[in-house]
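Right, one structure below, let's go through it.
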Amino acid sequence: MFGLMDQFLKNDPITLQNDILRHVEYTVARSRFSFDDFEAYQALAHSVRDRLIERWHDTQVHFKRKDPKRIYFLSLEYLMGRFLSNSVINLGIRDQYADALSQLGFEFEVLAEQEGDAALGNGGLARLSACQIDSLATLDYPALGYGLRYQYGLYRQVILDGYQHEQPYYWLNFGNPWEIERIHVTYPVKFYGTVEEEDFNGGKRQVWVPKETVEAVAYDNPIPGYGTRNTITLRLWAAKPSDQNDMESYNTGDYIDAVVNRRTAETISSILYPDDRSHQGKELRLKQQYFFVSASLQDIIRRFKDAHSNFDDFPEKVALQLNDTHPSLAIVEVMRVLIDEEHLSWSRAWDIVCKIFSFTTHTVLPEGLEKIPVDLLESLLPRHLQIIYDINFNFIEKLKKRIGLDYDRLSRMSIVEEGAAKSIRMANLSIVCSHTVNGVSKIHAELLKTRVFKDFYELWPHKFHYKTNGVTQRRWIVVSNPSLCALISKWLGTEAWIRNLDLLAGLQEYATNADLHQEWKMVRKVNKMRLAEYIETMSGVKVSVDAMFDVQIKRIHEYKRQFLNILGIIHRYDCIKNMEKNDRRNVVPRVCIIGGKAAPGYEIAKKIIKLCHAVAEKINNDPDVDDLLKLVFIPDYNVSVAELVIPGADLSQHISTAGHEASGTGSMKFLMNGCLLLATADGSTIEIIEEIGADNMFLFGAKVNEVPVLREKGPALKVPLQFARVVRMVRNGYFGFEDYFKSLCDSVEVGNDFYLLGSDFESYLEAQAAADMAFVDQEKWTQMSILSMAGSGRFSSDRTIEEYAEKTWGIEPCRCPF
Ligand code: 26M
């Protein structure tokens, strides 16, 4: 009997081989006697998919039977990267597959490289969603992630003559075996139209008469947990034309036009906005947000109504997490559905809304807060605008009673921003309607309370919390650094750390053990060789693995200060040039590696990329310098590039101007891999210092509280001579492109240097010198490296998710029996 079987699919090498060959023949439709690496990858992926689906079905049935309170994670961005390795590792069948493949004459690693990244997001926020989804599955939480299935992911970065160019990334070109199209899970999403008043129960009510309908189709991506049968869903929505739109044609021309117009529906989910800074008031972006919110909520409400008839139970069964303000229209949509469609009273609907939403913000800067122009909202979602006005009216009335007629404060806190162009402040809406507002690090929460949302904190101190970000060790150690993974398990005598990262602390006692040192250095060297090979293929630059690999990879931003890094490299170059030949022997050789994308419209960020190439050109071709200094830019930085670069890094830089990085998660990935950090006391670094101690890091720069004081000084700020000198070199055309770099140089001149590169420069160079000193003593360096890794336990997304589950969402694990 099928019903009594634990699982249909077996995982012995013979079954796996047969499965792969069957998929070559029938799914990929190639001959099982002749197929290439890509076709082998496709067949392999389908065979893994079958196993995922089996567990996924079991999990969904289990959740349905238990009917626990669920967490719905709403995010417009996910940077999932590749699925293959992560899936087979979480399923616990990587070695079996590797064996099966080798008997077929294929290497697992080689096939894994065939997969393109799922890059449906910009940067930190999007990768955080991906890490958190992995933790939700691993910890058995009844969770479901919702997102958009963009056809064009984050653009491909191509460098021509040192300039960034953006190319469309049509990632679905070769099919996507990791998703399951649910042609029957579709919902109509409506736009535009008018609001009419009609009689209802002896009174009046507002009804929205929309004008356009687009269909949302679900694509499910099964997300397996590690060490559990639980496999949860990441449900991504795609837009399709709807048959509900009127399409009466009177002649051929009308008919053709009508069909052509249908295709505009698909544009809604076609492209990811490639900016990680701000909202630009674009209609398509607003459409995406509402499309996402409406489809997800119809799905959530349908699931609730399947098992419940009274909406008062809704908060006992549903928690909705807003990943930044991008999905915050969900608040308004729940109000609209409950009032207009389910006919609840305003106050009952409001009661429910106030219990179900939690909001996490990922920005520090007030300028980064999302605003939606009222005229846009009025034309696209007229009923929603009314509801926002009503929410705001009630809020302001109550607020007046609390704080009196302090009009400045009232207008700062209002959800509606008055002015020439009226707009809706999405953060204010989210704070007013959520029960909890989370920051992403301790310092971030402090800044939210004292600066960004001070007025709200004073009103509702109980709402404000923080959950320090974390990353998943499954991807960032087990998948990306298998030899370190084996070493850790060997020395700890267990693999339990893969589900409980705190156990890494057990390695502290071996921090000076000579045997561990030797094995550790070996693992690191092999990873560096792999990275050196990649660098040579990508940029043609040969680098020595004996040099210190110094890495800065992240989105390019002024506040992240890649420019400071480059100016430091110019200084190092200048010093080597001006040295006696004999003294050069004392220089610690470095390979400086920079990678990251600039938003297409972000001029200064693009100039930083060009400068990096111009400086690299000069340094890498200077025989005086030789192996003492190399600079390489790694193009098209993404998740899978990170998986290759991080394990091979000796030193990594996290050097944002203090008070600007909400958290930062890259640093955690480096830390877990035994890379030392050169950093400012900003974001999560402050908590990393608490865990591993300042002695094991290279810290520099102004502290959060010093930054405003320094800015205050403006033109009177003292700037070191070396700084003026390196900026002048760029300005005077030492690296060419004088005119092009002028505005970049202007941005750090005295009086104009908002991100304080000048005033931090001296201590930056000191920290760099300290790193050189430490690197000379390889035993000391290795000890620091071990202690970095051993102290990284707190920065697992498992810990973050457990905190959210207990303190914010009020949910419990729901483990599917094996
Ligand atoms: C908004 C509107 C329109 C188009 C795009 C956006 C937008 C998209 C992404 C704005 C911001 C976006 O991301 C911000 C982000 O990635 N923040 C980072 O979040 C990380 C996870 O919490 C933190 O570690 C980083 O410090 C923070 O910069």
**OP:** With a point put 7 Å past each Cα toward its Cβ, work out how far E738 is from T450 in nm, to one decimal.
**Re:** 4.6 nm
Original post:
Between Q244 and R65, what is the FRET efficiency for a Förster distance of 41 Å, r being their Cβ-Cβ separation, to the nearest 0.05?
Top reply: 0.75
**OP:** Scan region 223-305 for trypsin sites (Lys or Arg not before Pro) in coil per DSSP, keeping those whose Cβ has at most 15 other Cβ atoms within 10 Å, and list them by number.
**Re:** K282
Original post:
How much length is gained on full extension from D626 to H184, taking 0.36 nm per residue of separation minus their Cα-Cα distance?
Top reply: 152.9 nm
**OP:** Take Y250, Y141, Y637 and order them by how many other Cβ atoms sit within 10 Å, fewest up front.
**Re:** Y250, Y637, Y141
**OP:** Subtract the Cα-Cα distance of D375 and D313 from 0.36 nm times their separation in residues, and report this length gain in nm to one decimal.
**Re:** 18.7 nm
Original post:
In whole angstrom, how far apart do the alpha carbon centroids of region 87-139 and region 428-476 sit?
Top reply: 31 Å
Subject >> Length-normalised contact order for the chain - Cα pairs under 8 Å, 6+ apart - percent >> reply: 14 percent
Original post:
Antiparallel as a % of all DSSP beta bridges within the chain, to the nearest 5?
Top reply: 45 percent
Original post:
Between D12 and L405, what is the spin-label point distance in nm, taking each point 7 Å from the Cα along the Cα→C-beta axis?
Top reply: 8.5 nm
Original post:
So which helices of the chain fit the span-like rule, where a helix is a whole DSSP H run, its Cα atoms reach 20 Å or more along the axis, and its mean Kyte-Doolittle is at least 0.5?
Top reply: 124-138
Subject >> Centroid-to-centroid separation of region 278-334 and region 763-815 [C-alpha atoms, Å] >> reply: 35 Å
Subject >> Computed label-point distance, nm, for sites Q518 and V259 using a 7 Å Cα→Cβ extension >> reply: 7.4 nm
Subject >> Helix-derived mean residue ellipticity, 222 nm - over the chain, DSSP H n ≥ 4, -39500 (n - 2.57), to 500 >> reply: -13500 deg cm²/dmol
Original post:
Among rounded, prolate and oblate, which fits region 539-791 when a ≥ b ≥ c are the square roots of the eigenvalues of its C-alpha gyration tensor, a/c under 1.5 means rounded, and a/b larger than b/c means prolate?
Top reply: rounded
Original post:
Arranged by the count of other C-beta atoms within 10 angstrom, fewest first, what order do W208, W497 take?
Top reply: W208, W497
**OP:** Decide, for the chain, between rounded, prolate and oblate: order the square roots of the alpha carbon gyration tensor eigenvalues as a ≥ b ≥ c, take rounded if a/c falls under 1.5, and otherwise choose prolate if a/b is larger than b/c, else oblate.
**Re:** oblate
Original post:
Please state the relative contact order of region 539-791 as a whole percent: Cα pairs under 8 Å, 6+ residues apart?
Top reply: 21 percent
**OP:** Please work out the FRET efficiency for the pair Q778 and W460, using the Cβ-Cβ distance as r and a Förster radius of 51 Å; give the result to the nearest 0.05.
**Re:** 0.45
**OP:** Using a Förster distance of 35 angstrom, determine the FRET efficiency expected from the C-beta separation of E617 and S483, and round it to 0.05.
**Re:** 0.50
Original post:
Which order results if S785, S640 are arranged by neighbouring Cβ count within 10 Å, fewest first?
Top reply: S640, S785
Original post:
Which cross-chain or sequence-distant (5 or more) residues have an amide H under 5 Å from the amide H of Y466, H modelled 1.01 Å from N in plane?
Top reply: G439
Original post:
Of K317/K400; K442/K521; K10/K69; K577/K597; K521/K780, which pairs sit farther than 23 Å apart, going by alpha carbon to alpha carbon?
Top reply: K317/K400; K442/K521; K10/K69; K577/K597
Subject >> L629 long-range amide H proximity, modeled H, under 5 Å >> reply: R590
Original post:
Looking at the square roots a ≥ b ≥ c of the eigenvalues of the Cα gyration tensor of region 352-437, which shape do they give, rounded for a/c under 1.5, prolate if a/b is larger than b/c, or oblate?
Top reply: rounded
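Coordinate-derived values only; no laboratory data. It should be emphasised that the depicted structure is a prediction, and the values quoted were computed from it without experimental measurement. So basically every Cβ, Gly included, is an ideal-geometry build from the backbone, and we count neighbours across all protein chains shown.
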